[in-house]
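Below you'll find the structure, written out as structure tokens, and then a few comments.
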Amino acid sequence: MDNSPSADDAPTSADAPQPAATGSGLADPALHLDTPTRAGRREIPEQPKDPVMLLRDVAVYYGGFRAVKDVNLDFGRREITALIGPSGCGKSTVLRCLNRMNDLVRGARVAGSITYHDQDLYGPKVDPIVVRRSIGMVFQKPNPFPKSIYDNIAYGPRVTGMKPGSMDELVEQALRGAALWDEVKDKLKQNAYSLSGGQQQRLCIARCIAVNPDVILMDEPCSALDPIATARIEDLMIELADRYTIIIVTHNMQQAARVADRTAFFTAEADATTGERTGLLVEYDRTGAMFHNPRDRRTEDYISGRFG
Amino acid sequence: MSTTQTTGVEDPAVAEATSHADLTAGQRSIKDVLFYVGMLASLGIAFTALVALIALMLVQGWPRLNLDLITHFPSSIPARAGAESAVLGSIWVVGFTALFTIPLGVAAAVYLEEFADKQRWYNRLIELNIQNLAAVPSIVYGILGLGLIVQAAGLGQVVLAASLTLTLLVLPTVIIAAREAIRAVPDSIRAGSLALGATQWQTVWRQVLPASVPGIATGVILALSRAIGEAAPLVLLGGLTFIQFNPSGLDSPFTVLPIQIFNWVSRPQDEFEVLAAAAGVVLLVILLAMNSIAILVRNRFQRRW
């Protein structure tokens, strides 16, 4: 990690040993570059084994506008995959296709194939409501419901018709899973908006895992949070990857370096004739490999901070 | 600044320093004060008019402001006349208007905001129509009610006909207010609900509607306040002025407070004018009570994002 170009851009204080950075997760996130990353701790096979999702030649259109094209990706089971790239490269668009949230955008259309557990995600008999019960999502800005903390967690199980033996227990488990239980156990009846931004985002993660999903999509989950809250969410993501497949969109390359097992780099290029900018997948590799020796010139330029 | 640079005599840096040194507002402060006074004056005029109106009615109606007013039926002898049947008539008519308006108005607003495809011509036509209908004079609704509800549907000049007519009258207002309230619920709430696997219907019913209750309640009360003060369309419908019994059902003949007040004012005896003023105070008290319910509901359901 130390040789990665992104580490060179980090503040010099990152070079000094910072014991506080490990464990507590309360240090400046830049310091995390020196702490063992998940990618460093775990053996990542060269190709995703037993992939949960396969994307083949995926392109997304909004009306006549092609937002992104040529996306071929395999998402490994219980891995963290980061989608990175400059603004407008289509990474969030791709993410929203994976649980059919793009269906809500009028005129959105997906070409190519997205396969989830050997089923075509866009097959005619597939119900997007059912898809979203298996593939949860955490949004850019924390969006708790204007209800109590308890009801925020219980909402998903209630609407999906889950019949837990004890709802109280399910709520506790979800909150523990999102590392929030100790902070809120005495105020479960309080409105979720009384929590801080970072707590709200962890509440949203707890809400998501309460319905027991298979895959969790995260759309820049830390972009509205301060460095301390960001570090806690990143620690949480690494814990959650023991049980869930996580796909995260991030603007923050250090974040991808810290948490992701694999990274997909997207960029946007203007069409030679129409001048229309379309996003495309440039490179997909294990995070360490991509940050140490990118194969594509465009990836190298981006991660060394030459554009974007 | 440009002159200092062209003459070259003054050092621009010095000029800049002096302009930064003067921190008083200069001309702007006078405008600010004028604007502030103007705002206070507008508020004062509105407030004074309201207070004057209430004071005038209180003073004029004071001799007859007692329980007799709402426990006696109308009479041609001023000393014995009361507005019991009118007060109860108003409550019946507006009560049923609320019963019809709230579900219809909210359902229409939910359809238009959450389900309607705004590209379709018929949805755009409905929207345009609702906005226009809100501006139609109430007397026109009276004509409609008379022709359609009283005569064509054969309901007769009864409480139900009055409620239905007032429902038509206030429905556009309620729909517009409910749409505003529904639109004010952030999309992130809908996305959060849908991403958990909730259906669109569950999202509307469990997230969007509860979150828009305060706005809807405000709109409903404003609309009903308008309905309770209406005399014109009900006069057309045949709201009577001399009803010696209380409404007992949807098929009862009826009168309402505004009609009773109008009737008393137009009588020659001075005593009836006193009665009219007193009945006006009663009408205001009912309005005030309705508004406080709205404020209670709003505070109870208050949300912040």
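The values are calculated or read from the model by the stated rules, or taken from the named source; none is laboratory data. Quantities reported herein were computed from a predicted structural model and do not represent experimental measurements. Reconstructed Cβ throughout: ideal geometry from the backbone, glycine too, with neighbour counts over all protein chains shown.
Residues are listed down the side, and each one gets a yes or a no for (1) closer than 17 Å to B:L234 by Cβ; (2) surrounded by fewer than 21 Cβ atoms within 10 Å (Cβ to Cβ); (3) modelled with pLDDT under 90:
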| residue | (1), (2), (3) |
| --- | --- |
| B:L133 | no, yes, no |
| B:V136 | yes, yes, no |
| B:L148 | yes, yes, yes |
| B:G154 | no, yes, yes |
| B:S163 | yes, no, no |
| B:T173 | no, no, no |
| B:A181 | no, no, no |
| B:A184 | no, yes, no |
Would you tally the residues in region A:136-180 being more than 8 Å from chain B (Cβ to nearest Cβ), crowded, with 22+ Cβ neighbours inside 10 Å and in a loop (DSSP other than H, G, I, E, B)? 3
Could you check region A:99-125 and list, in sequence order, the residues that are farther than 29 Å from A:M167 by Cβ and among the aliphatic types (A, V, I, L, M)? A:V105, A:A108, A:V110, A:A111, A:I114, A:L121
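Rundown of residues vs (1) in contact (Cβ under 8 Å) with a residue 24 or more places away in the chain; (2) closer than 13 Å to A:I80 by Cα; (3) crowded, with 17+ Cβ neighbours inside 10 Å, yes/no style:
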| residue | (1), (2), (3) |
| --- | --- |
| A:N252 | yes, no, yes |
| A:A256 | yes, yes, yes |
| A:D261 | yes, yes, yes |
| A:A264 | yes, yes, yes |
| A:T274 | no, no, no |
| A:G279 | yes, no, yes |
| A:E283 | no, no, yes |
| A:R297 | no, no, no |
Farther than 25 Å from A:K49 by Cα, of a type in the set (S, T, N, Q) and assigned to a helix (DSSP H, G or I): which single residue out of A:T230, A:T278, A:T267, A:T273 fits that description? A:T230
Which of the following residues is among the aliphatic types (A, V, I, L, M) and at the interface with chain B (Cβ under 9 Å from one of its Cβ atoms): A:V126, A:V131? A:V131
Would you please name the residue that is farthest from the other protein chains (Cβ to nearest Cβ), looking only at residues in region B:174-215 that are of a type in the set (G, A, S) and in contact with a Ser or Thr (Cβ under 8 Å, 6 or more places away or on another chain)? B:A177
Here are the criteria: (1) of a type in the set (S, T, N, Q); (2) crowded, with 20+ Cβ neighbours inside 10 Å; (3) more than 14 Å from chain A (Cβ to nearest Cβ). Tell me which single one B:T218 does not satisfy. (2)
Which condition from (1) surrounded by 11 or more Cβ atoms within 10 Å (Cβ to Cβ); (2) modelled with pLDDT of 85 or more; (3) more than 30 Å from B:V256 (Cβ to Cβ) is the one that B:K31 breaks? (1)
Among the residues of region B:65-111, the number that are of a type in the set (D, E) and crowded, with 18+ Cβ neighbours inside 10 Å is 1
Could you identify the single residue in A:A82, A:A111, A:A67 that is touching a strand residue (DSSP E or B) at 6+ places or on another chain (Cβ under 7 Å), surrounded by fewer than 19 Cβ atoms within 10 Å (Cβ to Cβ) and small (G, A, S)? A:A111
Report, by residue number, each residue of region B:120-131 that is surrounded by fewer than 18 Cβ atoms within 10 Å (Cβ to Cβ) and not aromatic (F, W, Y). B:R120, B:N123, B:R124, B:L125, B:I126, B:E127, B:L128, B:N129, B:Q131
Those residues of region A:72-115 which are assigned to a strand (DSSP E or B) and more than 17 Å from the chain's Cα centre (by Cα) amount to A:N72, A:A108, A:R109, A:V110, A:A111, A:G112, A:S113, A:I114, A:T115
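So that you can scan it fast, the table gives a plain yes or no per residue for (1) part of a helix (DSSP H, G or I); (2) within 19 Å of the chain's Cα centre (by Cα); (3) among the basic types (K, R):
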| position | (1), (2), (3) |
| --- | --- |
| B:Y141 | yes, yes, no |
| B:G145 | yes, no, no |
| B:L148 | yes, no, no |
| B:G156 | no, no, no |
| B:A161 | yes, no, no |
When every residue in region A:285-295 that is in contact (Cβ under 8 Å) with a residue 60 or more places away in the chain and in a helix (DSSP H, G or I) is compared, the one farthest from A:E79 (Cα to Cα) is A:H292
Just to verify a result, which residue in region A:181-203, among those that are out of contact with any helix residue (DSSP H, G or I) (no Cβ under 7 Å at 6 or more places or on another chain), within 14 Å of chain B (Cβ to nearest Cβ) and in a helix (DSSP H, G or I), is surrounded by the most Cβ atoms within 10 Å (Cβ to Cβ)? A:Y193
